Protein chains: 2
Amino acid sequence: MVLDAWRSKVSQFDMLLSELSDEQLGKEVAPGRNRGTYLLGHLTSLADSIFPLLGYEKSAPHLWKPFVQLPDRVDDDVPGAKALRQEWIKVRGALEERITTIGTEEWFRKHTAISAEDFEKEPHRNKLNVILSRVSHLDYHLGQLQFLKNR
Amino acid sequence: MVLDAWRSKVSQFDMLLSELSDEQLGKEVAPGRNRGTYLLGHLTSLADSIFPLLGYEKSAPHLWKPFVQLPDRVDDDVPGAKALRQEWIKVRGALEERITTIGTEEWFRKHTAISAEDFEKEPHRNKLNVILSRVSHLDYHLGQLQFLKNR
């Protein structure tokens, strides 16, 4: 159910990206708010941050600083819409490949950012829960990105 | 995990509502988009729509038409921010009461909007999945509602 929810949100995001031009992505989603390109980089980097939590290497670690640690417009030397679309495709594809190799039991084991001690007390902090929280996070920004339509 | 995610999003929404004045809620979340009050009514009615899917009566059925079936500003005779805050508290409280009475096995039984035949083919369309989809839907609009801060 959780993996299906992730795949369904990823498809919804793919569809939205296909409807938005690079020019639209360069605009702010609302006055004074993040630009579409920033949110695209942000969502790509947050999807990429799933890898280390599952025990694997990140696929696009260079996106973390400009799109997660720093707010929009602080770093001018960041990839544009075209490059970010490709990063997204790369990361979500690599993630899908990984996800399909993980077995049911493995999903309920602890993710890498929690100690064995804490996990004993909080067994819901498992690998599947990482995906669950990213589904919701993706939807949070999808609601904002769709304001770029008809702009 | 799914119920925790729901409760966590509900708390996040409660916090956001406590930070927004009635006047802020009366504004559009972005130019030409839904007003905060419409989204509050919409989220309340969508939370309320969980009841019949679990097999219970709705708690605020009068909100469905103006806040789900109709777009914002079509029906002028709708409750304002104050009344909608109370509807939200009522619905999310009643839902929490219900949720705690449902046992683990019951969550994996079919929800009421799917036939027994279809459920055999698609067993993920269970009661828990209704909550999962509402978590994500809540986050979708939370991302928009937070634009009302500092306005």
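Just one of the numbered conditions (1) touching a residue at least 60 places away in the same chain (Cβ under 8 Å); (2) away from every other protein chain (no Cβ under 14 Å) is not true of A:Val130: (2).
Filtered by the rule that a residue be within 14 Å of chain A (Cβ to nearest Cβ) and either touching a strand residue (DSSP E or B) at 6+ places or on another chain (Cβ under 8 Å) or not hydroxyl-bearing (Ser, Thr, Tyr) (or both), the range B:1-17 gives B:Met1, B:Val2, B:Leu3, B:Asp4, B:Ala5, B:Trp6, B:Arg7, B:Lys9, B:Val10, B:Gln12, B:Phe13, B:Leu16.
Can we say B:Glu105 is at pLDDT 95 or above and more than 26 Å from B:Glu19 (Cα to Cα)? Answer is yes for this residue.
Here's the yes/no breakdown for (1) open to solvent by 80 Å² or more (accessible area, probe 1.4 Å); (2) more than 11 Å from chain B (Cβ to nearest Cβ); (3) not hydrophobic (A, V, I, L, M, F, W, C):
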{"site": "A:His62", "(1), (2), (3)": "yes, yes, yes"}
{"site": "A:Lys65", "(1), (2), (3)": "yes, yes, yes"}
{"site": "A:Asp75", "(1), (2), (3)": "no, yes, yes"}
{"site": "A:Pro79", "(1), (2), (3)": "no, yes, yes"}
{"site": "A:Gln86", "(1), (2), (3)": "yes, yes, yes"}
{"site": "A:Thr100", "(1), (2), (3)": "yes, yes, yes"}
{"site": "A:His111", "(1), (2), (3)": "no, yes, yes"}
{"site": "A:Arg134", "(1), (2), (3)": "no, no, yes"}
{"site": "A:Leu148", "(1), (2), (3)": "no, no, no"}
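For the range A:106-139, a residue qualifies if it is over 17 Å from A:Ile50 (Cα atoms), part of a helix (DSSP H, G or I) and not hydrophobic (A, V, I, L, M, F, W, C), and the qualifying residues are A:Glu117, A:Asp118, A:Glu120, A:Lys121. Among the numbered criteria (1) of a type outside the set (Asp, Glu); (2) over 15 Å from B:Val2 (Cα atoms); (3) within 11 Å of chain A (Cβ to nearest Cβ), which one does B:Lys90 miss? If we test B:Lys90 against (1) of a type outside the set (Asp, Glu); (2) over 15 Å from B:Val2 (Cα atoms); (3) within 11 Å of chain A (Cβ to nearest Cβ), just (3) comes out false.
Exactly one residue among A:Gly93, A:Gly143 is closer than 30 Å to A:Leu25 by Cα, without any contact (Cβ under 8 Å) to a residue 60 or more places away in the chain and in contact with a Phe, Trp or Tyr (Cβ under 8 Å, 6 or more places away or on another chain), and that residue is A:Gly143.
Checking each residue of the range B:43-52 against the condition of being surrounded by fewer than 18 Cβ atoms within 10 Å (Cβ to Cβ) and either in contact (Cβ under 8 Å) with a residue 12 or more places away in the chain or of a type outside the set (Gly, Ala, Ser) (or both) gives at least one match.
Looking only at residues of the range A:18-37 that are in contact (Cβ under 8 Å) with a residue 40 or more places away in the chain, of a type outside the set (D, E, K, R) and at the interface with chain B (Cβ under 9 Å from one of its Cβ atoms), we find that the one that is surrounded by the most Cβ atoms within 10 Å (Cβ to Cβ) is A:Val29. Check the range A:10-19 and report whether any residue there is touching a helix residue (DSSP H, G or I) at 6+ places or on another chain (Cβ under 8 Å) and small (Gly, Ala, Ser). Within the range A:10-19 (the criterion being touching a helix residue (DSSP H, G or I) at 6+ places or on another chain (Cβ under 8 Å) and small (Gly, Ala, Ser)), the answer is no, since none of the residues qualifies.
This table checks each residue for (1) touching a helix residue (DSSP H, G or I) at 6+ places or on another chain (Cβ under 8 Å); (2) of a type outside the set (A, V, I, L, M).
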| residue | (1), (2) |
| --- | --- |
| A:Ala81 | yes, no |
| A:Trp88 | yes, yes |
| A:Ile99 | yes, no |
| A:Glu105 | no, yes |
| A:Phe108 | yes, yes |
| A:Thr112 | yes, yes |
| A:Ser115 | no, yes |
| A:Glu120 | no, yes |
| A:His124 | yes, yes |
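Checked against (1) modelled with pLDDT of 95 or more; (2) in a loop (DSSP other than H, G, I, E, B), B:Val78 passes all but condition (1).
The values are calculated or read from the model by the stated rules, or taken from the named source; none is laboratory data. All figures in this text were calculated on a predicted structure; none of them were measured in a lab. Ideal geometry is used to build each Cβ from the backbone, glycine not excepted, and the neighbour counts take in all protein chains shown. What goes into the accessible areas is simple: the full protein's heavy atoms, side chains included, and nothing from ligands, DNA or RNA. Shrake-Rupley method; radii C 1.70, N 1.55, O 1.52, S 1.80 Å.
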